[in-house]
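Undergrad: Starting off with a structure, shown below.
Here, each number is a calculation from the coordinates, and none is a lab measurement. All values derive from a computational prediction rather than experimental measurement. Note: ideal-geometry Cβ built from the backbone for every residue, glycine included; neighbour counts use all protein chains shown.
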Amino acid sequence: MSDWKSLEVFGLAKEDKQAWLLDELNRLTLHHQASCQPYANLLAGQGQQAGVAESLDAVPLVAARLFKMLRLSSTQPEDVFKTLTSSGTTSQVKSQIVLDRDTAALQSKVLVSLLSSFTGKARRPMLIIDHDGLTSNREGFSARGAGVQGLSFFGRDHTYALNADMTPNWQAIDDFIAKYSSEPVLIFGFTFMVWQHFIQPLKASGRIDQLSQALMFHSGGWKKLQDRAVSNDTFKTTVRQVLGKDVAIHNFYGMVEQIGSVFVECEQGHLHAPSYADVIIRDQETLEVKKIGKSGLIQVLSFIPKSYPGHSILTEDLGRLLGEDDCPCGRKGRYFEVLGRLPKTEVRGCSDVF
Amino acid sequence: MSSNIQLWAGSPDYLQWSRTQIMPFSEKRVQFLVRLSEALLSGHYSATLIALGFWLRESQLRQWQQEYAKDDKVILAPVGRVFIVSPSNVEGLFAYSWALSYLMGNQTVVRVSEQLTDDQQALFTLLESLDVQTAGLSEQAFISYDKRSDWTLKLSHWCQLRMLWGSDQSIESIRQIPLLAQTQEWVFPDRYSVSILHLTEADNAKIPKLAEGFARDVSTYQQQACASPKWVFWYQTDDALQQRFWQAVDACLGDVFPANERLVASQYLCALGGTEVFHDNIKVIDSATVLGGEQHLRGVVGQSQFSDLAMIATQLPDHIQSVAAFGLDQTAKVTVVTRSNVRQFAQMGRVLNFDKVWDGIDLTTILSKKVRL
Ligand SMILES: [Zn+2]
């Protein structure tokens, strides 16, 4: 077992981080090679050696879409604790992420240590911008459900702000406000849902400045908000106008394929890699590593995935590397921004879209 | 739910069309197709539509007419009412099968999906303007409707021949709607296509040309359609020649396939047991057997080595369609055909060229009837 607990969440500068994370990742590559036949095949077929990477960018990577095409698991069937699926419409093929107990527990613990570096140790009353039907089903557990459950460790008195039809549950919201309006609270939700189903109705109903000590985490992508021409700045300004001017707002970036590896936005608006994880930006055309300031496909690295070979994944998200170890917020490690999704290449074959 | 029907071109009263006396290769219909062909070849159209225009050139139409003119034991007559359901993503198909139905004198309703592609839009606009000039489409209709509506049922009962193009899944779902006993049906489901290549030192000089054709077959419209080869079977071909072939293919491809697509495809086939042996603009995965036939992979092609043609034939999946072949004589092709479900051979670079004999079926024959005298 690794000594991750002794690491300061954002305390490792380049050299130390490389030494620690690379060792973990090399070990994971060997472990998955021994435990997951398709992964072993993938390495062999591409002529890649396991466990010998001399730098983070030399760790073999898996294309994120592979988790939609294959069940990649390093866990014996009887040890599967739960299987996560990516959210998506019914017509899309979903990713399948297999977790055993240890990986699930490790992931929660890492998430706690990561996010508590923003929230502090005390558990805050928590308002979840979703409905409570999300986390009940363990088979085919959705990423949204997992996200909510992962974060609920930080809170107490969990209150779901929405009804199943996505309308505000005013009773619940008003009770929450009445109890906690002058206390530090935690608000969590998916970016679009926070905007559309919480902030807008609050504003429209005149409930202003009611949760001024809130800290908000939100995630899930900007696509739908970009369609409405809502930028991160607009989002923050509006949330503060509605909830209170001192509200702390942190977007974060993560994905079901490497859940637990969460990149939180700092006060400067930069997404940060914690000591346990890292990002690499690769050229869209050549997949070569890009330098600071350049944009490309985002590769994510994490020491957590032991139950499935997801420790090094090339996502289909585009991002730009902004710097390393020198963010004005004081956190060490790489920081970056997400620019959107790789444009969907239309699948045109004989199969059709009626 | 009979509402929301979209008419893109042709006439709206198809359910009321009365019987007409139009015969196959009627001069009026030939002339309409010739005008369509000329318009496509002289205007600013996509490569897909230009290919359609070329295919419908007058000399081609006349040649087909000649083929049928010689038979004095039968009279060629239309089937009558034809209902064609076509996928949206292979623009050509609906136009080709419609053109043949039209040429054979039928009344035709073509259903395309509601989201028109640019090519479809352009073609419908052109058809409409030709119709205004000639009234050539008075018994033809190009429509869209919500697939949950009862229009598929109505048209299935209206038609005398139903022709379905598309994925296995959509064909199976339309087949839930039964036809009347007197109605015929033809289906064109998902297929898989390969290449069988037999190169010798003597073919060295031909490799660049072959490779260019192969590159076109795998990248036309940047898609790998049913007929596009996804696996290469090398038949008694030296490694060095194979390598030279792939280098030549690579040189023709540029960055046709995005890097991430190539990565996904290659990793998928490797995970199933393949070995990546060529890494550039196209990735080549070596394996003793065909892998990954159920996925639409881009920027990757598999290969296997054989010294025995009969062995290659047994490797071909049941839904095999086209074999882009080089170096196979008639006997060799018979060896493959008798041991597999192969439906057509094609020359390298020509696999996506539509032919009226498609998927093993002569479309002009099924879209007409031979009335014995
Ligand atoms: Zn920062």
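Undergrad: Evaluate peptide B:163-170: per residue, the Cβ atoms of other protein chains within 10 Å of its Cβ; return the mean as an integer.
TA: 3
Undergrad: Would you mind counting up the charge near B:ALA69? Only other residues with Cβ under 14 Å from its Cβ, with Lys and Arg at +1 and Asp and Glu at -1.
TA: Taking every other residue near B:ALA69 into account, the sum is 0.
Undergrad: Amide H to amide H under 5 Å from A:PHE81: which residues, 5+ apart in sequence or cross-chain, H placed 1.01 Å off N in plane?
TA: For A:PHE81, whose amide H was placed from the backbone, the distant partners under 5 Å are A:LEU99, A:ASP100, A:ARG101.
Undergrad: Using the charge dipole of the stretch B:192-347 (Lys, Arg: +1 at Cβ; Asp, Glu: -1 at Cβ; taken about the Cα centre), state which of B:ILE207, B:GLN267, B:LEU328 has its Cα farthest towards the positive end.
TA: B:LEU328
Undergrad: Please count, across the stretch A:108-252, the pairs of lysine residues with Cα atoms under 27 Å apart that sit 8 or more places apart or on different chains.
TA: So the count works out to 16.
Undergrad: In whole Å, what three semi-axes, largest first, describe the equivalent ellipsoid of the stretch B:5-190 built from its Cα gyration tensor (square root of 5 times each eigenvalue)?
TA: 24, 21, 16
Undergrad: Build a GNM of chain A with springs between Cα atoms under 10 Å: which of A:THR237, A:THR286, A:THR85 gets the top mean-square fluctuation?
TA: Judging by the Gaussian network model, the answer is A:THR286.
Undergrad: Still on this structure: Any lysines with Cα under 16 Å of the B:LYS369 Cα? List them, leaving off those in the same chain fewer than 8 positions away.
TA: Filter leaves B:LYS70, B:LYS73, B:LYS356.
Undergrad: Which value, in nm² and rounded to one decimal, describes the direction-averaged projected area of the C-alpha convex hull of the stretch A:23-71?
TA: It is 3.4 nm².
Undergrad: Whole number please: convex hull volume per residue, Cα atoms of the stretch B:262-352, in Å³.
TA: For the stretch B:262-352, the hull spanned by Cα atoms encloses 110 Å³ per residue.
Undergrad: Rounded to the nearest 500, what is the 222 nm mean residue ellipticity of chain A from helices alone, with -39500 (n - 2.57) per DSSP H run of 4+ residues and division by all residues?
TA: That comes out to -8000 deg cm²/dmol.
Undergrad: Considering chain B as a Gaussian network with a 10 Å cut-off on Cα pairs, which listed residue, B:ARG343, B:ARG216, B:ARG244, attains the greatest mean-square fluctuation?
TA: Maximum among the listed residues: B:ARG244.
Undergrad: Using θ = phi - 60° and the Karplus curve 6.51 cos²θ - 1.76 cosθ + 1.60, what whole-Hz ³J(HN,Hα) does each residue of the stretch A:284-289 get, with Gly and Pro shown as x?
TA: In residue order, the calculated couplings are 4, 8, 10, 6, 6, 5 Hz.
Undergrad: Given springs between every Cα pair under 10 Å in a Gaussian network model of chain A, which of A:ALA64, A:ALA13, A:ALA44 has the largest fluctuation?
TA: So, out of A:ALA64, A:ALA13, A:ALA44, the one fluctuating most is A:ALA44.
Undergrad: Relative to the longest principal axis of chain B, what angle (0 to 90°, nearest 10) does the C-alpha long axis of helix B:27-42 take?
TA: On a 0 to 90 degree scale, this one is about 50.
Undergrad: Around B:THR314, what is the net charge, scoring Lys/Arg as +1 and Asp/Glu as -1 over all other residues with Cβ under 15 Å from its Cβ? Don't skip to the end; give the middle numbers.
TA: Details: positive: B:ARG339; negative: B:ASP308, B:ASP318.
Charge balance in the 15 Å sphere: -1.
Undergrad: Roughly speaking, what is the stretch gain from B:LYS370 to B:ARG339, that is 0.36 nm per residue apart minus the C-alpha to C-alpha distance, in nm to one decimal?
TA: Roughly 8.0 nm would be gained on extension.
Undergrad: Same structure, new question: Quick one: which residues, 5 or more positions from A:HIS250 or on another chain, have an amide H under 5 Å from its amide H? H modelled 1.01 Å from N in the peptide plane, none for Pro or chain starts.
TA: When sequence neighbours closer than 5 places are left aside, the close amide H contacts are A:MET216, A:PHE217, A:HIS218.
Undergrad: What's the extension gain from B:ALA181 to B:LYS209 if we count 0.36 nm per residue and subtract their Cα-Cα distance?
TA: 5.0 nm is the gain from fully extending B:ALA181 to B:LYS209.
Undergrad: Turning to a different aspect of this structure: Scan chain B and report its longest stretch carrying no GluC sites (Glu not before Pro) that are both in a DSSP loop and have at most 16 other Cβ atoms within 10 Å. Write out the running numbers ahead of the final one.
TA: Numbers: sites that count: B:GLU114, B:GLU294.
That would be B:115-293.
Undergrad: More than 26 angstrom separation, counting every C-alpha pair in the stretch B:192-347; what % is that?
TA: Working: 2114 of 12090 pairs.
Taking all Cα-Cα pairs of the stretch B:192-347, the fraction more than 26 Å apart is 17 percent.
Undergrad: Charges on Cβ only, +1 for Lys and Arg, -1 for Asp and Glu, centred on the Cα centroid of the stretch A:108-252; of A:GLY120, A:HIS158, A:GLY189, which one is farthest towards the dipole's positive end?
TA: Most positive-ward Cα: A:GLY120.
Undergrad: If you place +1 on the Cβ of every Lys and Arg and -1 on the Cβ of every Asp and Glu, how big does the dipole about the Cα centre of the protein assembly as shown come out, in debye to the nearest 20?
TA: Magnitude of the dipole: close to 1240 debye.
Undergrad: Shifting gears a bit: Calculate how steeply helix B:259-271 sits against the longest principal axis of the alpha-carbon atoms of chain B, using the helix alpha-carbon long axis, and give the answer as 0 to 90 degrees to the nearest 10.
TA: For B:259-271 against chain B, the angle is about 70 degrees.
Undergrad: Can you run the Rg to Rh ratio on the protein assembly as shown? Use alpha carbon positions and the Kirkwood inverse-distance Rh.
TA: 1.04
Undergrad: Still on this structure, please answer the following. Students often forget the sequence filter, so: which lysines lie under 23 Å Cα-Cα from B:LYS209 once same-chain residues fewer than 8 apart are removed?
TA: List returned: B:LYS230, B:LYS283, B:LYS333.
Undergrad: Something else: Could you work out the pair-distance distribution P(r) of the stretch B:319-373 from its alpha-carbon pairs, with 5 angstrom bin width and percents rounded to whole numbers?
TA: The distribution over the stretch B:319-373 is 4, 16, 24, 21, 16, 8, 7, 3, 1, given as percents.
Undergrad: Give me Rg over Rh for chain B, both radii from the alpha carbons and Rh done the Kirkwood way, two decimal places.
TA: Reported Rg/Rh (Cα atoms, Kirkwood Rh): 0.99.
Undergrad: Can you pull out the trypsin sites (Lys or Arg not before Pro) in the stretch B:82-150 whose DSSP state is coil and whose Cβ has at most 14 other Cβ atoms within 10 Å? Kindly include the intermediate steps, with their values, before the conclusion.
TA: Numbers: sites: B:ARG111, B:LYS147, B:ARG148; in loops: B:LYS147, B:ARG148.
Of the trypsin sites (Lys or Arg not before Pro), the ones in loops of the stretch B:82-150 whose Cβ has at most 14 other Cβ atoms within 10 Å are B:ARG148.
Undergrad: Still on this model: Using 10 Å bins from zero, what percent of all Cα-Cα pairs in chain A falls into each bin?
TA: All Cα pairs considered, the percentages come to 5, 24, 34, 25, 10, 2, 0.
Undergrad: While we're looking at this one, here's another question. Which distance in nm do the two modelled labels at A:GLU78 and B:ASP13 give, with both placed 7 Å along the Cα-to-Cβ direction?
TA: Rounded to a tenth, the inter-label distance reads 7.5 nm.
Undergrad: With each label point set 7 Å from Cα along the Cα-Cβ vector, what nm distance links A:ASP233 and B:THR275?
TA: 5.6
Undergrad: Kindly point out which whole DSSP H helices in chain A project their C-alpha atoms 24 angstrom or further along the helix axis while averaging a Kyte-Doolittle hydropathy of 0.5 or above.
TA: A:101-119
Undergrad: Work out the mean other chain Cβ neighbour count within 10 Å for the residues of B:256-269 and drop it here as an integer.
TA: Average neighbour count from other chains, rounded to a whole number: 6.
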